[in-house]
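The values are calculated or read from the model by the stated rules, or taken from the named source; none is laboratory data. In this text the structure is predicted, and so the values were computed from the model without any measurement. Backbone-built Cβ (ideal geometry, glycine too); neighbour counts: all protein chains shown.
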């Protein structure tokens, strides 16, 4: 039995309809180098989504490889419960050095969903313990339509995507939902989308002031919903409202962090300073699972007390602050400055913006959204009415399969084609990616 047959016999893939998978040809990736992936037959493909939004400097980056090997010569893992190790300490110092002002404490975990689970538990417990429980009525969270914060139950409770979350509704805790400014789909032309959404948020905050623990948002870009970008000034207005009504601000930078939007963190675009911030994905440069939840000293201080007071944050994971992952993260963060990575992100972002304009020549391209190297191309059955393709048309899946024939690996979000290449991508490689995607959309929608 070959690898493909064994895969179909034994494996259950994430976010995959396995009935289709078992009946179709599948791609098995064998190795990688730079921005390229190679299958078991030797064919190569541009990694157009950074191996699910994580890869930064390309695959097999010498400095990160060597950092992991060096750490492996010392220790692969040691518990972080009641112990520490050098890599975790040094990484925490680096994270605080680049984080939005005010964030001072780092709590490690393994993945973005866990980092958000930790964020909501910290926010909840903070109000239960602050000033002797004076604010214990603050137990509810404000989330946003179209939100995605992960797949664990707490993170799903903060989500707003029926496709992923509706079936689990009986398992979830109650939340308050505000509209995220999806400008392309905004159906009230008499209003400004951003201002309307802020007014709706203020209404919720005003009517539930004493109940709300935190407002939880993906700043600047909602990734899984289809690269939905906020209008200029929206995040600043949101922060002002949250501060006015005394809630905590929790920012989910799992997807947007570490340069994806053109700033190290998306919060930096409008100078947002959250009380709690979750990071993951690109933290290790795309090498190993690692996440962190950052908090202010004020939030941290609510957990301090005598042992018998039981104010401890009773949460943790077996592989918290894994030394190999921390070593990879330190090496990755060192490379940002050493290789002037953010300059490349801004250059390639501008290049992409210029090239993407021609995509509107394709009559089924409805909207193109971009922040840095986070790009979403929304395909529609009718541009004039903005009518969607039917789910069963599998339009996004058909486009990505066509792209594979042209040496590009990407993933769709429904009818939205997502591009999020490694941040190190060259001008020539980016042109290759964009040309292949253009031709693939053209072939599928107009062929």
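The number of residues in segment 198-226 that are without any contact (Cβ under 8 Å) to a residue 60 or more places away in the chain and within 21 Å of residue 174 (Cβ to Cβ) comes to 7.
Here's the yes/no breakdown for (1) farther than 29 Å from residue 326 by Cβ; (2) touching a strand residue (DSSP E or B) at 6+ places or on another chain (Cβ under 7 Å); (3) in a loop (DSSP other than H, G, I, E, B):
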| residue | (1), (2), (3) |
| --- | --- |
| 14 | no, no, yes |
| 27 | yes, yes, yes |
| 55 | no, yes, yes |
| 90 | no, no, no |
| 115 | no, yes, no |
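Out of 247, 266, 292, 255, one residue alone is within 14 Å of residue 118 (Cβ to Cβ) and in contact (Cβ under 8 Å) with a residue 40 or more places away in the chain. It is 292. Screening segment 365-389 for residues that are part of a strand (DSSP E or B) and without any contact (Cβ under 8 Å) to a residue 40 or more places away in the chain and picking the one that is farthest from residue 270 (Cα to Cα) gives 382. Within segment 316-327, is even one residue under 19 Å from residue 261 (Cα atoms), within 24 Å of the chain's Cα centre (by Cα), at pLDDT 95 or above and not in a loop (DSSP other than H, G, I, E, B)? Looking for residues that are under 19 Å from residue 261 (Cα atoms), within 24 Å of the chain's Cα centre (by Cα), at pLDDT 95 or above and not in a loop (DSSP other than H, G, I, E, B), one finds none in segment 316-327, hence no.
Of note, residue 247 does not satisfy the criterion of being under 25 Å from residue 97 (Cβ atoms), surrounded by 24 or more Cβ atoms within 10 Å (Cβ to Cβ) and either modelled with pLDDT under 95 or in the same structural domain as residue 141 (by TED's automatic domain parsing) (or both).
Applying the selection to segment 390-420, what residues are assigned to a loop (DSSP other than H, G, I, E, B) and touching a strand residue (DSSP E or B) at 6+ places or on another chain (Cβ under 7 Å)? Please lay out each step first, then the result.
Applying the first criterion (assigned to a loop (DSSP other than H, G, I, E, B)) to segment 390-420 yields 390, 394, 406-407, 410, 414-415, 420.
Of everything in segment 390-420, those that are assigned to a loop (DSSP other than H, G, I, E, B) and touching a strand residue (DSSP E or B) at 6+ places or on another chain (Cβ under 7 Å) turn out to be 407, 410, 415, 420.
The single condition from (1) free of Cβ contacts under 8 Å to residues at least 12 places away in the same chain; (2) more than 21 Å from residue 289 (Cβ to Cβ); (3) assigned by TED's automatic domain parsing to the domain that holds residue 248 that residue 83 fails is (2).
In segment 269-288, of all residues being surrounded by fewer than 21 Cβ atoms within 10 Å (Cβ to Cβ) and out of contact with any strand residue (DSSP E or B) (no Cβ under 9 Å at 6 or more places or on another chain), the one that is nearest to residue 323 (Cα to Cα) corresponds to 288. Every condition in (1) within 25 Å of residue 138 (Cα to Cα); (2) over 23 Å from the mean Cα position of the chain (by Cα); (3) in contact (Cβ under 8 Å) with a residue 12 or more places away in the chain holds for residue 159 except the one numbered (2).
Please pick out the residue among 384, 322 that is out of contact with any helix residue (DSSP H, G or I) (no Cβ under 8 Å at 6 or more places or on another chain), assigned by TED's automatic domain parsing to the domain that holds residue 288 and farther than 19 Å from residue 225 by Cβ.
Numbers: 384 fails: assigned by TED's automatic domain parsing to the domain that holds residue 288.
Residue meeting the stated conditions: 322.
Screening segment 8-22 for residues that are surrounded by 10 or more Cβ atoms within 10 Å (Cβ to Cβ) and over 28 Å from the mean Cα position of the chain (by Cα) and picking the one that is farthest from residue 400 (Cα to Cα) gives 8.
Could you please let me know if residue 195 is assigned by TED's automatic domain parsing to the domain that holds residue 88, modelled with pLDDT of 95 or more and not in a loop (DSSP other than H, G, I, E, B)?
Numbers: assigned by TED's automatic domain parsing to the domain that holds residue 88: yes; modelled with pLDDT of 95 or more: yes; not in a loop (DSSP other than H, G, I, E, B): yes.
Yes; evaluated as a whole, the condition is true for this residue.
In segment 97-113, what residues are assigned to a strand (DSSP E or B) and closer than 21 Å to residue 155 by Cβ? Before the answer, list the steps.
As a first pass, look at segment 97-113 and keep what is assigned to a strand (DSSP E or B): 103-109.
103, 105, 106, 107, 108, 109 - these are the residues of segment 97-113 that are assigned to a strand (DSSP E or B) and closer than 21 Å to residue 155 by Cβ.
Among the residues of segment 367-385, what is the count of those that are under 24 Å from the mean Cα position of the chain (by Cα) and more than 15 Å from residue 442 (Cβ to Cβ)?
Going residue by residue through segment 367-385, those that are under 24 Å from the mean Cα position of the chain (by Cα) are 367-379.
Going one step further and asking which of them are more than 15 Å from residue 442 (Cβ to Cβ), we end up with 367, 369-376, 378.
Count: 10.
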